[in-house]
Amino acid sequence: MRNNRLSFTLSLICSLFGIVSFGAPESLDITEGKKALPMSGESFKVNGRDAFLILPEKASKNTPWVWYAPTLSGLPASTEVWMFNKFLAQGIAIAGIDVGESFGSPDGRKGFSDLYQYLTTQRGLGPKPCLLARSRGGLMLYNWAVENPEKVSGIAGIYPVCNIASYPGIERACAAYNMTSAELEKNLDANNPISRLKPLAEKRVPLFHIHGDIDKPVPYEENTKILMENYKKLGGPCDLELAAGQGHNMWNGFFQSETLTAFAIHRALGKPYKE
């Protein structure tokens, strides 16, 4: 595994001498991190939040990338290595940042914007990543994407949470939004992915989800099904792989889906998924 300390030092040297730096805002505080990764990559902190970057062998200016969430303790995990290797083989980087159990809140969205700014201005990554949302990462990535649709090439989801009322529930999520449960319920449509899709549809950002039909923690009917029905009504392009007899589990079909992986690769490279 790559030495994280050496990688971080080299990235700082590159930035100082203008090798890959394009003048990131001074407000970003980039420091060394110690996040464990399931494969060779860099660990660092962006404004105090743990983040990671896994680069392909031949990275250059405007390197395409996949943005993974949630980046919590232990994630990404070995389950993602198969997909990540497929991305790297196509010259695609993978990155993410730990915004905690923010449930798509404005504070979490700010952390995402900080990472995007750093990677696209200092590290030479391209302006339109494909987002890869696993489970609760759906709330995080969708709520950032709807406010930044011009910066998104596509969204791939593995049983993604799309509906705050379904998971984690308004009572649990309200603290992350600095609201009471009554306040969040009143303002739910302004913060809930299933109700905020219009900006993505207007940009025709393609979506692809794989979801189990007996998922209990993140029910398909309350999350992916509603989101895709709403997206289609807005004219947005979306596709689904419904996994029969699968729940919210570690089935290889979720993490080694050729279809989902091909979608993410095509969109990260700026290519149409369907000819």
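To the nearest 10 degrees, how steeply does helix 224-233 sit against the main Cα axis of the chain, on a 0 to 90 scale?
Roughly 90 degrees between the two axes.
By the gyration tensor of its Cα atoms, with a ≥ b ≥ c the square roots of the eigenvalues, what is the shape of the stretch 82-193: rounded for a/c under 1.5, prolate for a/b over b/c, or oblate?
It comes out prolate by the Cα gyration axes.
Working from the alpha-carbon coordinates of the chain, get Rg over Rh, Rh being the Kirkwood radius.
Rg/Rh for the chain comes to 0.95.
Length gain on complete extension for the stretch ASP29 to GLU221, per 0.36 nm per residue less the alpha carbon to alpha carbon distance?
Fully extending the segment from ASP29 to GLU221 adds 65.0 nm.
Whole angstrom only: what separates the Cα centroid of the stretch 81-128 from the Cα centroid of the stretch 175-246?
The stretch 81-128 and the stretch 175-246 have Cα centres spaced 21 Å from each other.
Kirkwood Rh and Cα-based Rg: tell me the resulting Rg over Rh for the stretch 31-145, rounded to two decimals. The partial results should precede the final answer.
Working: Rg = 12.7 Å, Rh = 13.8 Å.
Radius of gyration relative to Kirkwood radius: 0.92.
Taking amide H positions as placed 1.01 Å from N in the peptide plane, with prolines and chain starts having none, which residues 5 or more places from ALA93, or on another chain, fall under 5 Å of its amide H?
When sequence neighbours closer than 5 places are left aside, the close amide H contacts are TRP65, VAL66.
Quick one: length gained pulling GLU229 to GLU183 fully straight, 0.36 nm per residue minus the C-alpha distance?
Result for the pair: 13.9 nm of gain on full extension.
Can you list the residues, at least 5 places off or on another chain, whose amide H is less than 5 Å from the amide H of ALA243, using H built in the peptide plane?
HIS211, GLY212, ASP213
How would you order 94-102, 115-123 from highest to lowest mean count of nearby Cβ atoms within 10 Å?
Per-residue mean Cβ counts within 10 Å order the peptides as 94-102, 115-123.
Obtain the nm distance between the two label points defined at GLN90 and SER78 by a simple spin-label model: each point lies 7 Å from its Cα along the Cα-to-C-beta direction.
2.6 nm
Pull out the extension gain between GLU101 and LYS198, defined as 0.36 nm times the separation in residues minus the alpha carbon to alpha carbon distance; nm, one decimal.
The GLU101-LYS198 span can extend by a further 32.4 nm.
To the nearest 0.05, how large is the calculated FRET efficiency for ASN252 and SER113 if R₀ is 45 Å and r is the Cβ-Cβ distance?
The calculated FRET efficiency here is 0.85.
Provide the per-residue ³J(HN,Hα) series for the stretch 150-156, in order, calculated from phi with Karplus coefficients 6.51, -1.76, 1.60 and θ = phi - 60°, each as a whole number of Hz, with x at glycine and proline positions.
6, 9, 10, 8, x, 10, 10
If you place +1 on the Cβ of every Lys and Arg and -1 on the Cβ of every Asp and Glu, how big does the dipole about the Cα centre of the stretch 148-208 come out, in debye to the nearest 20?
240 debye
Would you mind putting 258-268, 195-205 in packing order, based on average other-beta-carbon counts within 10 Å, highest first?
258-268, 195-205
Bear in mind that the values in this text are calculations on the coordinates, not laboratory data. Since the model is a prediction, treat every value here as computed from it, not as a measurement. Positions of Cβ are backbone-derived with ideal geometry, glycine not excepted, and every protein chain shown enters the neighbour counts.
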